[in-house]
1. State which residue pairs qualify: first residue on the phi < 0 side of the Ramachandran plot and inside the range 1-25, second residue of a type in the set (A, V, I, L, M, F, W, C) and loosely packed, with under 10 Cβ neighbours inside 10 Å in any location, beta carbons under 7 Å apart, and separation of 6 or more residues or different chains.
2. Pairs, please: C-beta under 6 Å, at least 6 apart or cross-chain, first residue small (Gly, Ala, Ser) and in the range 127-155, second surrounded by 17 or more Cβ atoms within 10 Å (Cβ to Cβ) and not in a helix (DSSP H, G or I)?
3. Determine whether the range 83-99 contains at least one residue that is open to solvent by 30 Å² or more (accessible area, probe 1.4 Å), at pLDDT below 95 and in contact with a Phe, Trp or Tyr (Cβ under 6 Å, 6 or more places away or on another chain).
4. Is it the case that the range 68-80 has a residue that's among the acidic types (Asp, Glu), surrounded by fewer than 19 Cβ atoms within 10 Å (Cβ to Cβ) and free of Cβ contacts under 8 Å to residues at least 12 places away in the same chain?
5. Considering the range 30-43 alone, what residues qualify as being in a helix (DSSP H, G or I) and either farther than 19 Å from Ala78 by Cα or open to solvent by 80 Å² or more (accessible area, probe 1.4 Å) (or both)?
6. Kindly check whether there is at least one residue in the range 15-29 that is exposed (fewer than 12 other Cβ atoms within 10 Å of the Cβ), aliphatic (A, V, I, L, M) and in a loop (DSSP other than H, G, I, E, B).
7. Filter the range 44-64 down to residues that are of a type outside the set (D, E, K, R) and more than 21 Å from the chain's Cα centre (by Cα) and give me whichever is surrounded by the fewest Cβ atoms within 10 Å (Cβ to Cβ).
8. Can you pull out the residues in the range 59-111 that are among the charged types (D, E, K, R) and either in contact with a strand residue (DSSP E or B) (Cβ under 9 Å, 6 or more places away or on another chain) or assigned to a loop (DSSP other than H, G, I, E, B) (or both)?
Amino acid sequence: MQDRSSIEKSLNALFDAERTVRRLHDELADKPEGTLLDVLTDAIAAALKEGDEDESALRLVRIAALLGELQGPRVVDAMIDVLSSEHPEARRAAGEQLEELSFERFKEVALGVERALRRLPVGSPALPELPYILAEVPEPGVTKVIGQFLKHGDADAVAAAIEALVQIGDPASARLIESLVDDTRTVELEEDGSDATTEVTIGELAEEALEMLEAVGEDEGEGNGGNGRAS
């Protein structure tokens with residue numbers, strides 16, 4: 001019974017802490033946007049330098065949630081800065097907020113992604129994340145934005161863009177990938193259902209993508225042909 005009582009006490013303390021978090025979040029979200037964004041931007045820089053990984057991730061996750069209450073170019077840049085963190089939890093939180101914003105204000109996010117391609121260094125964790133986030137957004141301009149990653153110096157970003165284009169499944173995007181078939185840069189890809197990785201070249205990944213997109217095009221052609229005959 002003593003264990004049960006202790007658990008119940010801790011659970012109630014957790015509920016109290018969650019109520020406090022929600023209250024403070026709402027209070028901060030009601031502050032003037034410009035000032036709040038200034039503070040959050042500084043907090044991101046500090047969190048990225050924080051030596052305690054758990055503390056860094058905790059701060060970035062909470063910052064990402066607050067950024068989701070705001071809008072504008074600086075907000076997109078700040079979300080992408082959180083996405084550049086080494087912490088998976090923080091990247092996941094920023095990615096969810098960025099994807100949600102993309103559904104509502106795609107052009108704003110697209111411009112922020114283009115800025116990120118120019119300002120982020122090779123090796124930034126954000127670069128391979130962004131194509132997958134964009135691929136979830138049903139906007140006609142998505143393929144064009146993802147296509148810009150194919151020209152980047154970051155091999156992981158290029159690989160992510162290839163996979164994102166295959167995920168979208170537009171056969172027309174094959175023309176964006178064709179020039180990469182001779183690219184000998186290598187990347188490590190996770191194998192489905194395991195922690196193992198496989199090393200492949202960008203060229204090999206491009207060839208596989210072209211085959212898959214060609215198959216999609218053939219399936220669509222057969223489907224259109226069938227509809228034509230039925231009519």
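1. Note: no pairs meet the criteria.
2. Ala155/Val187
3. no
4. no
5. Scanning the range 30-43 gives Glu33, Thr35, Val39, Asp42.
6. Taking every residue of the range 15-29 in turn, none turns out to be exposed (fewer than 12 other Cβ atoms within 10 Å of the Cβ), aliphatic (A, V, I, L, M) and in a loop (DSSP other than H, G, I, E, B).
7. Within the range 44-64, the match that is surrounded by the fewest Cβ atoms within 10 Å (Cβ to Cβ) is Gly51.
8. Those that are among the charged types (D, E, K, R) and either in contact with a strand residue (DSSP E or B) (Cβ under 9 Å, 6 or more places away or on another chain) or assigned to a loop (DSSP other than H, G, I, E, B) (or both): Glu69, Glu86, Arg105.
The values are calculated or read from the model by the stated rules, or taken from the named source; none is laboratory data. Small disclaimer: the values here were computed from a predicted structure and weren't measured. No Cβ is skipped: glycine too gets one built from the backbone with ideal geometry, and neighbour counts run over all protein chains shown. Heavy atoms of the whole protein, side chains included, go into the accessibility calculation; ligands, DNA and RNA do not. Shrake-Rupley method; radii C 1.70, N 1.55, O 1.52, S 1.80 Å.
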